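Quick notes on the structure that follows.
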2 protein chains.
Amino acid sequence: MGKAGEHSFEVLKSCPHTWARAATLTTPHGVVPTPAFIPVGTQATVKSLTPDELSALGAKIVLGNTYHLYLRPGIALIEGLGGLHRFMGWHGPLITDSGGYQVFSLARLRQVSDDGVLFRSHIDGSEHFFTPELAIQLQEALGADIIMAFDECPPYSDDFDAVRQSTERTHRWAQRCQKSQQQNQALYGIVQGGMFKELRRHSATFLTSLDFQGYAIGGLSLGEPKKVTNEIVEETVPVLPEDKPRYLMGVGSPEDLFEGVSRGIDLFDSALPTRIARNGGLFTQEGRCIIRNACFRDWDGPIEEGCDCYTCQNFSAAYLHHLFKCEELLAYRLATLHNLRFVLRLMHEMRQHIIDGTFSTFKDSFLASYQPCDEDTRLAQKQKWMESGDTKFSQG
Amino acid sequence: MGKAGEHSFEVLKSCPHTWARAATLTTPHGVVPTPAFIPVGTQATVKSLTPDELSALGAKIVLGNTYHLYLRPGIALIEGLGGLHRFMGWHGPLITDSGGYQVFSLARLRQVSDDGVLFRSHIDGSEHFFTPELAIQLQEALGADIIMAFDECPPYSDDFDAVRQSTERTHRWAQRCQKSQQQNQALYGIVQGGMFKELRRHSATFLTSLDFQGYAIGGLSLGEPKKVTNEIVEETVPVLPEDKPRYLMGVGSPEDLFEGVSRGIDLFDSALPTRIARNGGLFTQEGRCIIRNACFRDWDGPIEEGCDCYTCQNFSAAYLHHLFKCEELLAYRLATLHNLRFVLRLMHEMRQHIIDGTFSTFKDSFLASYQPCDEDTRLAQKQKWMESGDTKFSQG
């Protein structure tokens, strides 16, 4: 575990036209230039990739899921083997979530009380009880650099009172998380408040008063329209302290990363780039392409001309098309390499443009050529993935 | 395509106690020190690995399957994209088989005549007709360095007359393959003859008279006892010319590689090391271990102490156990890296010991500690794999 002085956050430059900012996040295991995208390593692996590849792609920080690791292989086992860094062979900055989101999205038969959440494992139906204290204890055993408060993450709802009560519970849990913390990890609070701007401002104000080392915005990207996501972020960010990192959870499509960065977000995590890669959806400057489509059958060029990823440097789109048609294991890996490199390179470029004072024109230029997935398709995919129990292709 | 002078084979040293020999096989795309193991890249990919990884593992030559590539993505498509080397991104020596073995083991509804074989695709049931001439034409379009004659590969049988007739047909087909060859690839003949020593000697004698650039022994490792395999190899090898490479098809377990090398075999290919890896069977000096076994749950050390593979250098057996339990894509890859490295390193060591004159003691010492899979388990696995239609885990 690092010393207190090893955690810091320094804003280097702000965009004159948007709220975008370039900063440096320092952790005991290394430095993360922000804005940054955090690849998701749900079960102690970013699906199909080695830690070496993640480094080569430009990943500076990786996320592990406490809920999944608690169920399999068990937190005590990982602790006994020297912690999550050593277990998964990733020696750079590491973040774990608290399990809050997974308990409310993946697990079954939940009973929520102020004490905590009773749930059943999505793997074997076994019963478990998570509390804020346990979530911190588990994350301390895993030993990531950054850990998250345990929050209630209810589904998208227009019931103000219900969301208010849930948000207040998240606040009480945040305080209990702080009190139970014993290790020197950076603990981030999670702003909730559903789609109610008033509750979001209240949540951000309250959590700021608790002085966390960073602030996440949770409960978004759950199926609401993107316009709503953006408005909520716009309401929340100005309330948060300027000298602390801001983390928008669950966001990872190229267009959404731009929207988040321009609203002052420093950190993002999402399984989207890796998940759609395994389903054959590949990012290009023009938007997502579907590699299984017949047009790629004999496409001699790379997925994207000029892309510096290993896949595009070495293989034709036709080869990738063939691997997907044959369901070859290499398909998922080459696609994942491409999409992660696309997103990580994009974040690097955004940061450079913020520093150069040209972020705004860079954003406009990117979004002018990038054709996002249409809203209906996006929501249908999201619904399908959230309902799917296939961990190999849907989660992480 | 290379010039005639680019194919050569030079024996450097022979073992004084066995028939083992160290040689150098030169192809237009590079040099293969032998004895060598050839990883199987059935569908233009050694499952889960990149060409870079194959090189780093020490692979000097890779095999592609004409039958599979003919059905998917189609040979003309690969030819149009510059041939198999370029398509799969492997720029070293490459060998293709003729499709003979697959037509007789994987495809359905076969009708064999002297003309060729009518069969149905194992993928979609579509009807196809392979002839010796077509097998050569397809392999010329793929453009590998070494290509194989089209042979009849009937199941293990004790009907002498049937096997004799089939062997004679293989001989006629071998002549037709030679006649139809137009490119400067090294064409290898395939000795057949079932489990009949007399037929094997006859087949080796006849094919030798045709002066191929190399000689394979086919129709073995199909479920017969290992003692029989070894006896057939012992009958065959002395008949083959000393100055040409000898290739034992379908053999790849550590103990079998020793038996083959000590009987004068130079080249081996088998999907076994990669296939059992994907099923969680990992080679060690003591024999195969089953990584899913509970004993590995919290095993802090590598799969094998002292192993120089990427997996053992970076991850605990407990981590690999976890990945397999979670069916994570990285599991299949890390296991494949380990098993291929094990076999490729073993071949390299055998060669060095042949050169140093210590092969025989090296073999004895290895086999004294290596506990092979027992014969019943081995045959049951083989049966299961041959009957399985799951290309992701069973073939290649």
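For this structure, a couple of remarks:
- Residue B:229 being assigned to a helix (DSSP H, G or I), closer than 24 Å to residue B:32 by Cβ, among the hydroxyl-bearing types (Ser, Thr, Tyr) and in contact (Cβ under 8 Å) with a residue 24 or more places away in the chain: yes
- Qualifying residue in segment B:27-34 (condition: within 11 Å of chain A (Cβ to nearest Cβ) and of a type outside the set (Ser, Thr, Tyr)): no
- Residue B:334 being in contact (Cβ under 8 Å) with a residue 60 or more places away in the chain and touching a helix residue (DSSP H, G or I) at 6+ places or on another chain (Cβ under 7 Å): no
- Note on segment A:175-197: among residues that are under 20 Å from the mean Cα position of the chain (by Cα) and without any contact (Cβ under 8 Å) to a residue 60 or more places away in the chain, the one that is surrounded by the fewest Cβ atoms within 10 Å (Cβ to Cβ) is A:195.
- Tally of residues being modelled with pLDDT under 65 and closer than 15 Å to residue A:252 by Cα across segment A:366-393: 0
- Residue within segment A:93-111 that is of a type outside the set (Lys, Arg) and more than 21 Å from the chain's Cα centre (by Cα) present: yes
This table checks each residue for (1) touching a residue at least 24 places away in the same chain (Cβ under 8 Å); (2) in contact with a Cys (Cβ under 6 Å, 6 or more places away or on another chain); (3) farther than 30 Å from residue B:52 by Cα.
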| residue | (1), (2), (3) |
| --- | --- |
| B:323 | no, no, no |
| B:326 | no, no, no |
| B:329 | yes, no, no |
| B:338 | yes, yes, no |
| B:341 | yes, yes, no |
| B:350 | yes, no, no |
| B:358 | no, no, yes |
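- Yes/no for residue B:74 being more than 14 Å from every other protein chain (Cβ to nearest Cβ) and on the phi > 0 side of the Ramachandran plot: no
- Taking the listed residues A:157, A:166, A:203, the one that is in a loop (DSSP other than H, G, I, E, B) and over 23 Å from residue A:140 (Cα atoms) is A:157, with no other qualifying.
- Residue in segment A:351-358 that is surrounded by 21 or more Cβ atoms within 10 Å (Cβ to Cβ), more than 20 Å from the chain's Cα centre (by Cα) and within 14 Å of chain B (Cβ to nearest Cβ) present: no
- Unmet requirement for residue A:24, which otherwise passes all of (1) away from chain B (no Cβ under 13 Å); (2) in a strand (DSSP E or B); (3) touching a residue at least 60 places away in the same chain (Cβ under 8 Å): (3)
- Meets criteria (facing chain A (nearest Cβ under 9 Å) and under 25 Å from residue B:280 (Cβ atoms)) for residue B:335: no
- Residues (at the interface with chain A (Cβ under 7 Å from one of its Cβ atoms), aliphatic (A, V, I, L, M) and out of contact with any Lys or Arg (no Cβ under 7 Å at 6 or more places or on another chain)) located in segment B:313-329: B:323
- Residue-level check: of (1) within 25 Å of the chain's Cα centre (by Cα); (2) within 7 Å of chain A (Cβ to nearest Cβ), residue B:298 misses just (1).
- Residue check for residue A:104: in contact with a Cys (Cβ under 7 Å, 6 or more places away or on another chain), under 19 Å from residue A:148 (Cβ atoms) and either not assigned by TED's automatic domain parsing to the domain that holds residue A:364 or not basic (Lys, Arg) (or both): yes
- Single unsatisfied condition, residue B:97 versus (1) closer than 29 Å to residue B:331 by Cβ; (2) within 14 Å of chain A (Cβ to nearest Cβ): (2)
The values are calculated or read from the model by the stated rules, or taken from the named source; none is laboratory data. Given the structure is predicted, the values throughout are model-derived calculations rather than measurements. Backbone-built Cβ (ideal geometry, glycine too); neighbour counts: all protein chains shown.
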